[in-house]
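Asks: What follows is a structure written as structure tokens; I'll ask about it next.
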Amino acid sequence: MPDDRSSRGSAAASATARIQFRRALTLTVMTMVMPGSAQLVLGNRQVGRIAVRVWLATIAALVLVLALAMVSRTGLFGLLTNGNVLTLVRWYLILGAVGWVLLLLDAWRLGTPLQLPRPHRLWMTGINGALCFATAAVMLFAAHLVSVQNAFIGTVFAATESSDATEGRYNVLLLGGDSGSDREGMRPDSLTVASIDADTGRTVLVGLPRNLEDVPFPEGSVMHEEFPDGFTCDDCYLNSVHTWATDHADLFPGSDDPGMDATVEAVEAVTGLTINYHAMVNMQGFAQLIDAVGGVTVDVKERTAIGGIGSPITGWIEAGTRELDGDEALWYSRSRVQNSDFSRMGRQKCVMNAMLQQLSPSKVLLNVEEIAASSEALLHTDIPAGELNTFMDLALKARQEPMSTVSLVPPLVYTGNPDYPTVRRLVDEAIAVAEGVEAPPALQTARLDLPSFDTPEQQAADPTLDNQSENLAETC
């Protein structure tokens, strides 16, 4: 009989221990699923009610954000780039992490761990500790990413003046800046106007050669007063406008960036387009951006030298489909050793198109810190933060549309003595075609024949053809 009573007592104690363990585990799971629910059941109900209400409010906010994403993608992007919203989200995540961890610790206490057998106590302590660490780590890291994004937006997109679309299009001047100890000032050696349809995102890239001569300026501008017959001084090319205006900043009272202002005016006079915004891309920052997103895949059409600009050639990017890292993509975009400026312009457009197609939202999310760090060194722009939602939406639309390109290069344009009325007709014609309408006779330009080729392979290997294309993806 004593043995039976002992066995029954042992079995009851074992059953009680299992029940206590399940209860402790249940309280922890409840806290993970709905913070505060454990306190509503066994603990401080006032704390529990507050925590549950905060949790339900969070779920409601996420549902509203999801609904906004389905109704207005631009509105969603506006939230994601609003500095006040990002600051609020950051502090919510930090305080939420602290509060959730405290609720988990309280749920562990409510499970009376000291009354559990030692193995169960160790299991509960380990599980609760792991959940506390994981919860805090995820939420605090998310808060850090939000802080990085907010700082990046505040630093790079600090401008405050916005510009409405002109005749249904946003025209953004993209410049590749190249400066260093061996250069005199900042010379934008790559100049491209991205003309973007404000509704569809359909984009036309207008490439301007850096060595375009006799550049005109709008009447009434400082540069027109100095050069009424165009930029005709010795060694005065389009990419020299920035340096000249910077060196004569006293002629531009009230201008924060005379070089950029003068360059924008020159591009407007050349193309006939109204420039809404500009973005100056630092070449070294460009390489960092490519590395930050894991490289870019490009169909390399011609063997391209690495180095050779004021230094020996140190390597080659061979023809074929290549996964380029940042340094290789930089050299592929800027090399003109054993190639030409016009070949380089075509290669640059192909890299732009590849980046647009391959830079997915998931890549941005997974590499946001690296992208932000590289972009702060990469980009100087007058696009205000309040316009980011518009351009983010247009970028996604542009991925679904063919990107076309027209470059002001031979045989269409002789850079040494350009016919600027013809240049402006070329630009207007390219935009008209991109918008799906036939250019009126007044805009149609008698284009010179492009080079002829003996075989399709020879044609496919010529990067200069990427300067004139109604679908850049097909020619690249």
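The values are calculated or read from the model by the stated rules, or taken from the named source; none is laboratory data. The shown structure was predicted, so the numbers you read here are calculated from the model rather than taken from an experiment. Please note: Cβ atoms are built from the backbone with ideal geometry, for glycine as well, and neighbour counts cover all protein chains shown. The area values use the complete protein model at the heavy-atom level, side chains included, leaving out ligands, DNA and RNA. Shrake-Rupley method; radii C 1.70, N 1.55, O 1.52, S 1.80 Å.
Asks: Rank Tyr237, Tyr277 by accessible area, highest first, at a 1.4 Å probe radius?
Replies: Most to least solvent-accessible, the answer reads Tyr237, Tyr277.
Asks: Among Pro410, Leu273, Trp331, whose Cα lies farthest out toward the positive end of the dipole of the chain, if unit charges sit on the beta carbon of Lys, Arg (+1) and Asp, Glu (-1)?
Replies: So the residue furthest toward the plus end is Trp331.
Asks: Still on this structure, I have one more. I'd like the projected area of the range 230-321, averaged over all directions, using the convex hull of its alpha carbons. Report it in nm² with one decimal. Spell out each step's value before the answer.
Replies: On the way: hull surface 38.2 nm².
Averaged projected hull area, Cα only: 9.5 nm².
Asks: Would you mind checking which residues have amide H under 5 Å from Ser190's amide H? H placed 1.01 Å from N; only 5 or more apart, or other chain.
Replies: Excluding prolines and chain starts, which carry no amide H, the hits are Gly176.
Asks: Quick one: which residues, 5+ away or cross-chain, put their amide H under 5 Å from the amide H of Met403? H built at 1.01 Å from N.
Replies: Distant-sequence amide H within range of Met403: Leu472, Ala473.
Asks: Residue by residue through the range 239-247, what is 3J(HN,Hα) from phi via Karplus (6.51 cos²θ - 1.76 cosθ + 1.60, θ = phi - 60°)? Round to whole Hz and write x for glycine and proline.
Replies: 6, 8, 4, 4, 5, 4, 5, 5, 6
Asks: Rounded, prolate or oblate, given the Cα gyration tensor of the range 101-160, with a/c below 1.5 counting as rounded?
Replies: It comes out prolate by the Cα gyration axes.
Asks: Highest mean first, what order results for 293-305, 224-236, 159-171, 336-348 on Cβ atoms within 10 Å?
Replies: 336-348, 293-305, 159-171, 224-236
Asks: A further question on this structure: Run lengths n ≥ 4 of DSSP H only: what is the helix-derived mean residue ellipticity at 222 nm for the chain, with -39500 (n - 2.57) per run over all residues, to the nearest 500?
Replies: Mean residue ellipticity at 222 nm (helix-derived): -17000 deg cm²/dmol.
Asks: In addition: Each residue of the range 124-131 in turn: what ³J(HN,Hα) in whole Hz from Karplus with 6.51, -1.76, 1.60 and θ = phi - 60°, glycine and Pro shown as x?
Replies: Those phi angles translate into 5, 5, x, 5, 5, x, 5, 5 Hz.
Asks: Sticking with this structure for a sec: Skipping prolines and chain starts, which residues have an amide H placed within reach, meaning under 5 Å, of the one on Gly307, given they are 5 or more residues away or on another chain?
Replies: Amide H to amide H, under 5 Å and 5 or more residues apart or across chains, Gly307 pairs with Thr314.
Asks: I've got another one for you. Tell me the label only: which of (1) 23.2, 76; (2) 22.3, 71; (3) 30.7, 119 is Rg and Dmax of the Cα atoms in Å as calculated from this structure?
Replies: Given (1) 23.2, 76; (2) 22.3, 71; (3) 30.7, 119, the calculated one carries the label (3).
Asks: For the range 197-209, just list the computed ³J(HN,Hα) in residue order, Karplus coefficients 6.51, -1.76 and 1.60, θ = phi - 60°, integers in Hz, with x standing in for Gly and Pro.
Replies: Computed from phi, the couplings for the range 197-209 are 5, 5, 9, 9, x, 4, 10, 10, 9, 9, x, 10, x Hz.
Asks: If you don't mind, there's one more thing I want to ask. Charges only on Cβ, +1 for Lys and Arg, -1 for Asp and Glu: so what's the dipole of the range 1-135 about the Cα centre, in debye to the nearest 20? Don't skip to the end; give the middle numbers.
Replies: Working: 13 positive and 3 negative charges, 28 e Å.
Computed about the Cα centre, the dipole is about 140 debye.
Asks: Got a number for carbon plus sulfur as a percent of the chain's accessible area, 1.4 Å probe?
Replies: Within the chain, the accessible surface is 58 percent carbon and sulfur.
Asks: Among 140-150, 399-409, how do they line up by average Cβ neighbours within 10 Å per residue, starting with the highest?
Replies: Values: 140-150: 17.6, 399-409: 20.4.
Top to bottom by mean Cβ count within 10 Å: 399-409, 140-150.
Asks: Something else now. Which one, Cys233, Ser14, Leu426, is farthest towards the positive end of the dipole of the chain when Lys and Arg carry +1 and Asp and Glu -1 on their Cβ?
Replies: Ser14
Asks: How far is the Cα center of the range 101-177 from the Cα center of the range 234-298, in Å?
Replies: 37 Å
Asks: Taking the Cα centre of the chain as the origin, how large is its charge dipole in debye, to the nearest 20, when only Lys and Arg (+1) and Asp and Glu (-1) carry charge on their Cβ atoms?
Replies: Numbers: 32 positive and 55 negative charges, 999 e Å.
Dipole size: approximately 4800 debye.
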